Structures are given as C-alpha cells and as structure tokens.
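Colleague: Okay, handing you the structure first.
The values are calculated or read from the model by the stated rules, or taken from the named source; none is laboratory data. Small disclaimer: the values here were computed from a predicted structure and weren't measured. Glycine also receives a Cβ, built like all others from the backbone with ideal geometry; neighbour counts cover every protein chain displayed.
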Amino acid sequence: MARPRFLLPAGALAALLLAGTAFAQPDPVPTRKEGLRRMQTNLEAIGAVANAGGDTRDTVPRSDEMVAFFRNLPALFPSGSDGNGSRARPAVWSDRAGFERAATNAVAAAEALRVSAGSGDAAATSQAVRAMGGACSACHRSYRSR
C-alpha cells in the first residue's frame, strides 16, 4: 500500500510550527518586572496584615506565590536580557553564582515567611516580612541599578 504524499509535508509543517513555538519566547524583561512588582505588593500586603495584628493565615497564598516566583527568578534573567528598560546590572550574568545564591536566599526567606504567616503569629510574620525585605535589598544592592 502506498503512503499518502501529504504526510511528509504535513509532518514537516508541524515540526516547523513546534520549533517556532519553542523559539518565540516572550521578552523576559517585562515579565520579570511585573513579577517583581507583584512580589513587592504581596510583601506589603502581608506586612500590613501582620502589623495590624490580623490573621496572617489569610496571606499564605501570597507567600506561596513568592516562593514559586523566587524559585524561578534566575530563569527570568537569560543571557542577553539586559535591554528593554532592564535595570539589571551586568553582575547578574558575570557573577551568576552569586546571583543564584541571592535568589536561593530569597526563596529561603519566602519559605520562612510562608511558615510564619501560616502559623497565624502576627509578630513572627512581621519579623519574617523584614527578613524577606532584607533578602530583596541584598539582591538589589549587587544586581540592580538604581
């Protein structure tokens, strides 16, 4: 039985479309800027609840989002993504190990924030918010232009 002739071109077309999808990645600069703004908003909201003595357990989804975001942070800084309004310093790429350590520290701080928020202890959560802010500031000092 002869194979239909249209299978090879259709298969080639499918391969090209899939390859195009793999190469057509969104610009990481706006993605990471929006994500970092969201993390700041989350941190401020958690801090407001904790400082008011509120039920910090309601803020756990925000801290969960922070943990997930910071785990993925280095992937948002691929080589060559220093344009388009990025304020990332060249050290993000030249000192990649240090940048990844800073991201790991942010993950640890976000995880500690999640634990304290989940406990409902407003004072401990306020302290964890300050520690998270410290992790953010430490990264910004070395890897973000003012």
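Colleague: When you look at R114, is it buried (at least 16 other Cβ atoms within 10 Å of the Cβ) and within 20 Å of C139 (Cβ to Cβ), yes or no?
Modeller: Values: buried (at least 16 other Cβ atoms within 10 Å of the Cβ): yes; within 20 Å of C139 (Cβ to Cβ): yes.
Considered against the rule, which asks whether it is buried (at least 16 other Cβ atoms within 10 Å of the Cβ) and within 20 Å of C139 (Cβ to Cβ), R114 comes out as yes.
Colleague: Pull up the stretch 83-105, narrow it to residues that are outside any loop (DSSP other than H, G, I, E, B) and among the charged types (D, E, K, R), then point me to the one that is nearest to the chain's Cα centre (by Cα). Quick ask: steps written out before the conclusion?
Modeller: Narrowing the stretch 83-105 to residues outside any loop (DSSP other than H, G, I, E, B): 88, 91-94, 96-105.
Filter once more, so that each one left must be among the charged types (D, E, K, R): 96, 100-101.
Values: R96: 16, E100: 12, R101: 14 Å.
The selected residue is E100.
Colleague: Another question, then. Sort out which residues of the stretch 109-146 are part of a loop (DSSP other than H, G, I, E, B) and at pLDDT 95 or above, and write them in order of number. Steps first, please.
Modeller: Applying the first criterion (part of a loop (DSSP other than H, G, I, E, B)) to the stretch 109-146 yields 120-121, 145-146.
Selection gives G120, D121.
Colleague: Could you list, in sequence order, all residues of the stretch 119-146 that are exposed (fewer than 14 other Cβ atoms within 10 Å of the Cβ), of a type in the set (D, E, K, R) and under 17 Å from the mean Cα position of the chain (by Cα)?
Modeller: Once the filter is applied, which keeps residues that are exposed (fewer than 14 other Cβ atoms within 10 Å of the Cβ), of a type in the set (D, E, K, R) and under 17 Å from the mean Cα position of the chain (by Cα), the stretch 119-146 yields nothing.
Colleague: What pairs come up if the first residue lies in the stretch 108-126 and is more than 18 Å from F70 (Cα to Cα), the second is among the charged types (D, E, K, R) and modelled with pLDDT of 95 or more, and their beta carbons are under 7 Å apart, counting only those six or more places apart or on different chains?
Modeller: Here the result reads G118/R57; G120/D55; G120/R57, each pair linking the stretch 108-126 to a residue that is among the charged types (D, E, K, R) and modelled with pLDDT of 95 or more.
Colleague: Just need a number here: residues in the stretch 47-105 that are in contact with a Ser or Thr (Cβ under 7 Å, 6 or more places away or on another chain), surrounded by fewer than 18 Cβ atoms within 10 Å (Cβ to Cβ) and polar (S, T, N, Q).
Modeller: 1
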